[in-house]
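Read the figures in this text as sums done on the coordinates, not as results from a lab. Everything numeric here is computed off the predicted structure, so don't read it as measured data. When we count neighbours, we look across all protein chains shown, and the Cβ atoms used for this are built from the backbone with ideal geometry, even at glycine.
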Amino acid sequence: MLRALHPGILTSLVLISTTAAITLVTAFIGYHLGRDSLRGVSQPVVNPILGSAVKTKDQTQGERSPILDEAQIIAQTKARIAEMTEGSSDRKIVPAPTTANEPPAAEPAVSRTLPIVAEDQGVRLEISRVDTLGQDLALQVSLKNDSSQGVQFIYTFLEITNDKGDLLSALTEGLPTELPAGSDLVKGTILIPKSLLNNTKTLTLRLASYPNQDVQLQAANIPVE
């Protein structure tokens, strides 16, 4: 039968068969090479809502942290220090706790020099006691106005100096800014940080009325416990 075929047709069949075989072999080899090259590669996970690929753990760890602004850090630190300073000026004085077996505190030896009284134009200032409250020295004071005119005080102008003449900072609690004429006795406390006292033995207190300083009260030789 093959002998009956035209030589040209026989040649064409041989070429077609050879081409088909080569194509199949090439496709098979290409398929395996492509599969090996894509091994280990996975499709990125896409969030259908956000429409973006979700970062993998390796990508997240590879990202660099944002660089902090030095000026911003300094500003935040200064603001924090200012808040702490304001909070310490408004602190409440809490007496140190005592245990049941602790004997009562003895009266300070210098208490025999108290009270100390300063008076001017019918206004009376009396320092009756010197105590220790936590980290502060507490002066227990009282004010009374027996004159016929009211008196005003601003305690930022209160001056307290030690026996070396150094000016000390202090806080006041309970003292009024205004004493009406014929007022009753008003008690309060003046607090001085003990860290400022060092080896101070005595204190001097000066308080003048506001705004003209018509009344000037001065108490010297206030003993320090």
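Between Ser169 and Asp146, the contour length at 0.36 nm per residue exceeds the Cα-Cα span by 5.4 nm. Using the alpha carbons alone, the radius of gyration of the stretch 110-223 stands to its Kirkwood radius in an Rg to Rh ratio of 0.95. Lysine pair count for the stretch 110-223 with Cα-Cα distance under 27 Å and sequence separation of 8 or more or different chains is 4.
Pop a pseudo-label 7 angstrom from the Cα along the beta-carbon direction at both Tyr210 and Tyr155 and give the gap in nm to one decimal. Rounded to a tenth, the inter-label distance reads 1.2 nm. What's the local net charge at Gln121, with K and R +1, D and E -1, over the other residues with C-beta under 11 Å away? With Lys, Arg at +1 and Asp, Glu at -1, the neighbours total -3. Given a Förster radius of 45 Å and the C-beta distance between Ile74 and Asp131 as r, what FRET efficiency does 1/(1 + (r/R0)^6) yield to the nearest 0.05? Rounded to the nearest 0.05, the efficiency is 0.65.
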